[in-house]
Structure formats: C-alpha cells, structure tokens
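Report on the following structure.
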Amino acid sequence: MPKILVSLPDGTTATHELAESTITVGRLADNTLQIEDASVSSHHAELTLGEGGDYVLTDIGSTNGTLLNGKELAEGDGQRLQAGDKVVFGNIDASYESENPSEARAMPAAKEVAAVTASSSVRPKDFENASPFQSKKKKKDPIGQAILGFSALAVLAFVAAVALIFALKSPL
C-alpha cells in the first residue's frame, strides 16, 4: 500500500497510508491529509490513484507551490509519483513510498556554471587567515613590565648597598 511520510516542523515524521482513490492535501480539516502549517494552503494539492497502483500528484492552486524532486509543479499539471519521490508542500517535506518498483529516470540536465577569472590578484602580506588554528598573539602587560622593572631596580640598589658596606673601612 502506498504511503506518504510527512516531516513536520517539530522534527517528527507522520506516516499516512494512501487508501482512497482521491486524497486532498491542505491546511484545513476538510482535507483527507491535513498539514497544519502556515506555508501549506488551505487546499494545496491532490493525489489521485493512477494506473499501476501509484498516485498522481496535482497542485490545485497553492500559494507557496508544490515541488516534486526539486521541480515546481505547474497548477493543474499532474505528475505520476514513484517510490522514493521527494515532495514539498509549501515548506513541508514529504516522501512517497510504494511497493511498486520505480522506473529509471533520466539524469537532470547539467547547469552551466558561469565562472569568471579575476582580472588582477594581490599577494597577501601575511597568511594569518590561511591557518585553521587561532594564533596566540603576545599581549604587552604594562603591570608585569612595571613589576619586573621595579624588581631589577631593587636588585641593583641591594647590590650597590652591599658594595658600599664592603667598601667601608673599619675605624680601628
């Protein structure tokens, strides 16, 4: 029995077995398959049982459109579903499952990529941005430097005092 798996916005997946000859898809409760999402029209699409036991998907004038395997369906244009087809109602993802084996499909046409070469290039002054690791730059610590300077001055004063003490001559 064919079924459609609907991925809901809350992360759950709802499975709907398709048992009727005509199934309407939409946001309102009078639809056979109700999808409560703002991107789904009140009466969005229709699934009609076709020859061979698979359904035909037709967009019935939805606002946000219906995609079948990434291609938008024109209003009123019915497309036969096959096992593994990906359907998008508005912003809601769904997938069609069937026991009937799917026919081989032609590969999509390759799209030409418009690549433009750079007219000029400038060598970077450094390659800091090329490393995936953050570099640790040493920050100057003025308080630490002041403590080291004061310590050095204190050691010099101590050495000078010791030198003066040894330089004293005994009065005797």
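Structure notes:
- About the Cα centre, charge dipole magnitude for the range 40-154 (Lys/Arg +1, Asp/Glu -1 at Cβ), debye: 1660
- Charge dipole (the range 1-118, unit charges on Cβ, about Cα centre) - positive-most of 67, 113, 23: 113
- Fully extending the segment from residue 7 to residue 19 would add 2.3 nm, taking 0.36 nm per residue of separation and subtracting the current Cα-Cα distance.
- For the chain, dividing the convex hull volume of the Cα atoms by the residue count gives 323 Å³ per residue.
- Using a probe of 1.4 angstrom and keeping all protein chains present, the accessible surface of the chain works out to 76 square angstrom per residue.
- In the chain, the longest principal axis of the Cα atoms and the axis of helix 142-167 are about 20 degrees apart.
- Sorted on the mean count of surrounding Cβ atoms within 10 Å across their residues, most packed first, peptides 100-106, 56-62, 73-79 read 56-62, 73-79, 100-106.
- Projected label points at residue 48 and residue 91, each 7 Å from Cα along the beta carbon direction, are separated by 3.1 nanometres.
The values are calculated or read from the model by the stated rules, or taken from the named source; none is laboratory data. Quick caveat, the model's predicted, so the values are computed rather than measured. Counting neighbours? That spans all protein chains shown, and the Cβs are built from the backbone with ideal geometry, glycine included. Keep in mind that these areas ignore ligands, DNA and RNA; they rest on the heavy atoms of the full protein, side chains included. Shrake-Rupley method; radii C 1.70, N 1.55, O 1.52, S 1.80 Å.
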